[in-house]
Amino acid sequence: MKKLLQSLFILLFVASTAMAQDRTITGTVTSSDDKLPMPGVSVRVTGTQIGSVTDANGKYSVKVPSGSKTLEFSFIGYLVKTQTLNATNTLNVTLESDSKTLSDVVVVGYGQQSKILSTQTTATVKSESFKNMPIQTPQQALQGQAAGVNMINSSGVLGSEAQITIRGGGSISAIGRPLYVIDGVPLNSNGGQYSQTQGGSAALNPLINVSPNDIESMTVLKDAAAVAIYGSRGANGVILITTKKGAAGKTRINADYQNGFSSPTATEEMMSADQFRQFRTDYLRANNLTVPTYPTASYNWIDAVVRTGKFNTVNLNATGGDEKTKFYIGGTYSDESGYTIGNNLKRLSGRLNLDHKISDKFTVGLNYNLSHIDMDRIGAENNTYAPLTAGYLQLPYVTPFGPDGKFQNTGFVANVVAIAETGINKNYSDRSTGNAFLEYNVIPGLKLKTDWGIDNYGVDEKYRETDLLTPGGYAYRTHYTDNKWVNNNTLNYDKTFGKHTIGVLAGYSFETSKLTQMMVEGSGFVSDDLPNVGSASTPITASEEVFEWALQSLLGRFNYDYDKKYLFEASFRRDGSSRFGANKKYGNFYAVSGGWLISNEAFFNKDNGIAQNLKLTASYGTAGNDNIGFNGYIGTFASGSNYLGEAGLTPNVVPNPDLSWEETAQLDIGLSARLFKAIDVQLNFYNKNTTGALLAVPYPYTTGYATANRNVGKMRNRGFEIGINSDNIVGRDFTWRTSFNIGFNKNTIIDLPANPDEDGRNFLTGSAVQRAITGYSKNSFYLIRYNGINPQTGNAEWLKKDGTPTTTPLASDRVIVGKGNPDFSGGITNTFTYKNFDLSAFFNFSYGNDVYLDGLQFADNFGSGSYNKSVKMLDYWKQPGDNAFAPGLTSPTRTTYQQVSTKQLLNGSYMRLKTLSVGYSFPKEFLQKSKVFSSLRLYFQGQNIWTIKDKDFRGDPEISADGSSNLVLGQSFFALPQAKTFTFGVNIGL
């Protein structure tokens, strides 16, 4: 009996202990909107991974460990609710609709607005979208992330500018890049004037000095309601960059380290030495020509110029503060070597953002960034000094070293290995940007803010060639400074009167900048050990140019909403610019927009599970483009002329006191909604008309001027955009979210100055193969059509204008055959999380655009034996019936086979796995035990790792010959392809 009582006692003790350790809580979750049960609600024990999900009837059951005191209930579209446990094991919960969208703000020109109440069309890319991505500059984070924003990396050269067009751009031939504004400071963007071209047409990237790690968000302003507030500079769109700010609370330190390597996404296969010798021998013999004695050496130049690129990046920042003072301090150091020899980039940058509340009335703040770039530059393309171009074209039996083992001069195609080893090609830049502000709360709702900003940019280039490449040696040194200061003064008033809410912005802005360009150049050095231009015996150039401009502006905006249902906005800006003629210095720009928040109407069933936050918007307005350089309206003279041995001046620019900015008028209609409490949809239609396009119009020969700057020409961009963000699955351990956007755009030239082609259509030349033509795209390719190799004759054939085959086409047989701008482009991102693991896959795509590969005129060429050929040339016609790549060795078309035609024009459509990221975040339990880390994540990323493209495309379709020109798009002369990169990283929070 005693043993039985002991056993029962032990059993009761164990049971009671088990009951004390955990218990099961059950209940039902309902919605506050319709009082109905909610299936799929996540129920989690606070601070643990223990949880459950409600069933179809809204019921749940979860086992709660001893000591746990609260449960968290969460569901998309509803506020997270934390419920304290009580003595009972039944807990019913009601979730409130998440109305945070009313407090969600979007950054707009000179302020912020409620996202749901805004009538502007914008797209925001937040830092989470590109966190830990190994990107060089912020523009890369925009690619494929915003509908209507088409970004093409001009080449894989480090530091080169990407080409960004927003809704097709707003200009025909003037610079078409958008306006970049960082924390309210519009950046100088004279990228093409900061550097020598180095054989490539892409300018330096205007954002190369900005660390992506310091960016909180980027907002793209697209419609007139958004860009009109920037007046004469808004026609090509505006990109607002907001940097990270401090937050009240414990100081948090975040460190991120990335290490990775890169390689080209695609290269052209060229002939080996044996293949080249045999090919040339067969060709010469077939045509009864003398066969020279070829050297027996062999060298792979592509292997010599392409290496494994490497990069290391360290980011460190701290954020914190209290209710009065908040700060953010960040620093970045990166060291990257590109996958081609000679191309390296080091960046060091630091940022300080500070806000201090002096009193209830006054707040002061500072945003400041300082950066230094140390870059080894290379020729980009269309230049035999460019590593990859030379690697393709150099004869494969020529070696970089002579019999004595020293570097040798390789003639027509430069010895790029020697250039990388012995020459100097440096670019240093220092940039300081920032602003300081004072904000005064005059009365409740009324704020006065004055803001002083700077953008001081200094670029120094040093170039030196040795005697091996240029007898006696050659050198130049350039120095550029572009110093801007800007003052913005704004008055903001926001007030709600019952159901009426108004917002008023009034402002005055003034900014001015001075660009100074100096260059010295010389040749003839006693020794290669003397690197400086001052050691040259023969001065060539000593030049200095100074350009100064100013912009004075008045601006205003009025917002009104009635009962959070009917929305109205009007904005106005008057700009006075020194860039334009005396008769046109001032211009007015405006926009009006309205919105209807249908879901807030009484007739709209708020309890429906289909649509929420349903909003219809419309806007119309104007903006301008002043990117035409400096002093284009003044009748200037060029100095340095020699007249009968005396110094003289030459007339250079035709005076035009009526020269003014281009103007783009835009209509936008949008519809947005949240569907099924899980899917955000944004639809927009737009129509943009540019008038008074800034063009260099041909001038009568007898005047002595080639062209004159005039406001002529009209263009239209019309398109449709779709943006979707979807929470597909949100469970206890697993989530799946999708972001998708696509933008359709049709560009049409409406009118150009009189300059008819063979068909009587006016045109404007962009390049030898691309032109703007009335009635067609501004990036139309105008070429002879290639028809292929006739399998019976072995002759290459082209098409006459009437479509009949010919072996002797004429220039008059050219027709419009394609365009450089796509029919549509966009991106899709899928993000998955499972417990502590995360995976993200981002694809971007472009469709309907063509790419002209000018380098194929050299690679696919019979005639010259002074440079290498593509291996495709080995597939030449030999007998009737052959479906060959190239004509027969004796074909009369062998000497014209390489002529400019659609043979070099390829389908540039593609889809690319741009980024694949896998990460693991250490659980909170582990971090709490460490007592050091607040967060710890390990991750691996790949970029540009898989591309779907046309089977006949040769190389990388993501290229463009010019990063800033509107008239040249989708052209390449052996441009460097994009880099395929693999990155390992660790992110540490302290």
* Among the residues of the stretch 261-304, which ones are touching a Leu at 6+ places or on another chain (Cβ under 6 Å) and in a helix (DSSP H, G or I)? -> TYR283, ALA286
* To do: List every residue pair whose Cβ atoms lie under 9 Å apart, where the two residues are 6 or more positions apart in sequence or sit on different chains, the first residue falls within the stretch 247-266 and is farther than 14 Å from SER334 by Cα, and the second residue, located anywhere, is among the β-branched types (Val, Ile, Thr) and not in a strand (DSSP E or B).
  => SER262/THR308; SER263/THR308
* Of all residues in the stretch 796-810, count the ones that are surrounded by fewer than 17 Cβ atoms within 10 Å (Cβ to Cβ) and closer than 10 Å to SER901 by Cβ. => 0
* Among the candidates VAL654, VAL697, residue that is touching a helix residue (DSSP H, G or I) at 6+ places or on another chain (Cβ under 9 Å), surrounded by 14 or more Cβ atoms within 10 Å (Cβ to Cβ) and without any contact (Cβ under 8 Å) to a residue 60 or more places away in the chain -> VAL654
* Can you pull out the residues in the stretch 220-242 that are among the polar types (S, T, N, Q) and surrounded by 24 or more Cβ atoms within 10 Å (Cβ to Cβ)? -> SER232, ASN236
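List the strands (runs of 3 or more DSSP E) inside the stretch 63-156, counting only whole elements, that have at least 1 residues being modelled with pLDDT of 80 or more and more than 28 Å from PHE842 (Cβ to Cβ).
Where strands (runs of 3 or more DSSP E) fall fully within the stretch 63-156 and carry at least 1 residues being modelled with pLDDT of 80 or more and more than 28 Å from PHE842 (Cβ to Cβ), they are 70-74, 81-84, 93-95, 111-114.
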* Got a number for residues in the stretch 774-788 being more than 19 Å from ASN907 (Cα to Cα) and either hydroxyl-bearing (Ser, Thr, Tyr) or buried (at least 20 other Cβ atoms within 10 Å of the Cβ) (or both)? -> 1
* Asked: Looking at the stretch 477-511, which of the residues that are in contact with a strand residue (DSSP E or B) (Cβ under 8 Å, 6 or more places away or on another chain) and small (Gly, Ala, Ser) is farthest from SER189 (Cα to Cα)?
  -> GLY503
* Among the residues of the stretch 483-531, which ones are of a type in the set (A, V, I, L, M) and within 16 Å of ILE454 (Cβ to Cβ)? -> VAL486, LEU515
* Structure fact -> From the option list GLY587, GLY621, GLY556, single residue qualifying as under 30 Å from ALA708 (Cβ atoms) and either modelled with pLDDT under 95 or surrounded by 17 or more Cβ atoms within 10 Å (Cβ to Cβ) (or both) is GLY587
* To do: Among the numbered conditions (1) at pLDDT below 95; (2) more than 30 Å from the chain's Cα centre (by Cα); (3) under 30 Å from GLU548 (Cβ atoms), tell me where ASN489 comes up short.
  => (1)
* For the stretch 635-652, how many residues meet the condition of being closer than 24 Å to ARG579 by Cβ, modelled with pLDDT of 65 or more and either of a type in the set (A, V, I, L, M) or out of contact with any Phe, Trp or Tyr (no Cβ under 8 Å at 6 or more places or on another chain) (or both)? -> 5
* Asked: Any chance the stretch 241-258 includes a residue that's in contact with a Ser or Thr (Cβ under 9 Å, 6 or more places away or on another chain), within 29 Å of ASN343 (Cα to Cα), small (Gly, Ala, Ser) and assigned to a strand (DSSP E or B)?
  -> no
* To do: Determine whether ASP467 is closer than 30 Å to GLY111 by Cβ, at pLDDT below 95 and of a type in the set (Asp, Glu).
  => no
* So, of the residues in the stretch 884-913 that are hydroxyl-bearing (Ser, Thr, Tyr) and in a loop (DSSP other than H, G, I, E, B), which turns out to be farthest from ILE784 (Cα to Cα)? -> THR890
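Condition check ((1) surrounded by 18 or more Cβ atoms within 10 Å (Cβ to Cβ); (2) under 24 Å from the mean Cα position of the chain (by Cα); (3) within 23 Å of PHE832 (Cβ to Cβ)) across all residues:
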| position | (1), (2), (3) |
| --- | --- |
| GLY692 | yes, no, no |
| THR703 | no, no, no |
| ASN711 | yes, no, no |
| ASN717 | yes, yes, no |
* All but one of (1) free of Cβ contacts under 8 Å to residues at least 40 places away in the same chain; (2) touching a Leu at 6+ places or on another chain (Cβ under 6 Å) hold for GLU128, so report the exception by its number. => (2)
* Asked: Which of the residues that make up the stretch 839-883 are of a type in the set (A, V, I, L, M) and either part of a strand (DSSP E or B) or crowded, with 19+ Cβ neighbours inside 10 Å (or both)?
  -> LEU839, ALA841, VAL851, LEU853, LEU856, ALA859, MET873
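The values are calculated or read from the model by the stated rules, or taken from the named source; none is laboratory data. Since the structure is predicted, the reported quantities are computational estimates derived from the model, not experimental observations. Heads up, the Cβs are rebuilt from the backbone with ideal geometry, glycines too, and the neighbour counts pull from every protein chain shown.
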